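The values are calculated or read from the model by the stated rules, or taken from the named source; none is laboratory data. Everything quoted here is computed from the prediction, not taken from an experiment. When we count neighbours, we look across all protein chains shown, and the Cβ atoms used for this are built from the backbone with ideal geometry, even at glycine.
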Amino acid sequence: MMNKQIIIALCEGPHDVAFIMKILKCNGFRSNEGKKIREFPPPMSKLMEQEVAKANVEDLNLREIRHSLLPLNTVQNEECYVFLYSMGGDGKAEARKSILQNIRLNIREPGEIAKGRLPLGTELSILYFFDSDTKGVDMRLTEVRREIQEILTTMPAGAIPTNGSFDLFEGIRIGAYIFTGTDNNTGKLEDVLIPLLKASNETIFENAENYLNTNHDPARIYPLKLSIALNGRVTETRSTRGKETDFDMAKSLIGITGQLQRSGKPNSAYISDSDYLTLAKVIESAKCQDIISFFNRFVSNNQLV
């Protein structure tokens, strides 16, 4: 009998989730969005129920409700379930550690009773997906290790030595995949994604890039804020808290071209549903196949189609 595989993918943002989900669906996975929480296998059903019920909704503000630790998407292929989380980047280590800690609590220690722990025949994996940015793969992997070691203290210093590698620590298979560009060392998701989207759509992307270069005004990246004075007068001022990095040419390029097909939708919907990223492109992309190979290594007795 095939083991049940539960794979938790901790991603930086919804674009990463959409891209990975598209790759998995191109390789035989189906969306699980219609499934009720109680219908998912343990321990995920229990963990999601606890997350939903951990506090009374009336005691939470809207920001806290939106930021609850629930998967953004989930897909399934036979007995393999993948839960895709949009966690945020470097500043969200505590949220990632919370998920890892909750998963760790389901692993039965030698001599412990099985009740309330991971069912027999179920294997747990946690995959970390990060942009390399300018840090390089080795530095990013070092940061991932340090974060994990705060929860899984038995993880050795040399664990997960290379991009796409994994190992078993305290009953959980842990791996990391770092998005890079053509040098396979630095870069980000968009360095993988945009060449795929642009292929066979060069004119559209060149026009969109020209539009952005012509109309982007760095002075206008700072938010325009409304404030109410003590006398009730409403004033409007330009904030000084904005950052130059709030403008991202690659993300804007994806957004501009995406609006031609998915009006009013976020970039994640464009990545998921537009014809800029086709089945043929995913199959032919070395980077996409690297990601599939990475997932394959976590699926016992079953290779992804």
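Here Asn185, Asn106 are screened, and the one residue that is surrounded by 16 or more Cβ atoms within 10 Å (Cβ to Cβ), in a loop (DSSP other than H, G, I, E, B) and at pLDDT 95 or above is Asn185. Being assigned by TED's automatic domain parsing to the domain that holds Gly258 and not in a helix (DSSP H, G or I) is true for just one of Leu226, Leu152, Leu168. Which residue is that? Going through Leu226, Leu152, Leu168 in turn, the sole match is Leu226. Restricting attention to the range 267-277, the residues that are surrounded by 15 or more Cβ atoms within 10 Å (Cβ to Cβ), out of contact with any Ser or Thr (no Cβ under 9 Å at 6 or more places or on another chain) and not in a helix (DSSP H, G or I) total 1.
Taking into account only those residues within the range 119-144 that are in a loop (DSSP other than H, G, I, E, B) and touching a strand residue (DSSP E or B) at 6+ places or on another chain (Cβ under 7 Å), which is farthest from Gly158 (Cα to Cα)?
Out of the qualifying residues, it is Gly121.
Going residue by residue through the range 286-303, is there one that turns out to be farther than 27 Å from Asn27 by Cβ and not acidic (Asp, Glu)? So far as the range 286-303 goes, no, none of its residues is farther than 27 Å from Asn27 by Cβ and not acidic (Asp, Glu). Of the set (1) at pLDDT 85 or above; (2) surrounded by 15 or more Cβ atoms within 10 Å (Cβ to Cβ), all apply to Gly89 but (2).
The set of residues from the range 4-27 being more than 17 Å from Asn106 (Cα to Cα) and either polar (S, T, N, Q) or loosely packed, with under 15 Cβ neighbours inside 10 Å (or both) comprises just one member, Asn27. Kindly indicate whether Ser263 is among the hydroxyl-bearing types (Ser, Thr, Tyr), within 23 Å of Glu206 (Cβ to Cβ) and exposed (fewer than 13 other Cβ atoms within 10 Å of the Cβ). Yes; evaluated as a whole, the condition is true for this residue.
Taking the condition out of contact with any Pro (no Cβ under 6 Å at 6 or more places or on another chain), at pLDDT 95 or above, more than 22 Å from Asn3 (Cβ to Cβ) and surrounded by 18 or more Cβ atoms within 10 Å (Cβ to Cβ), does Leu193 pass? Give the derivation first.
Values: out of contact with any Pro (no Cβ under 6 Å at 6 or more places or on another chain): yes; at pLDDT 95 or above: yes; more than 22 Å from Asn3 (Cβ to Cβ): yes; surrounded by 18 or more Cβ atoms within 10 Å (Cβ to Cβ): yes.
Yes; evaluated as a whole, the condition is true for this residue.
Of the residues making up the range 136-166, those that are of a type in the set (Gly, Ala, Ser) and touching a residue at least 24 places away in the same chain (Cβ under 8 Å) are Gly136, Gly164.
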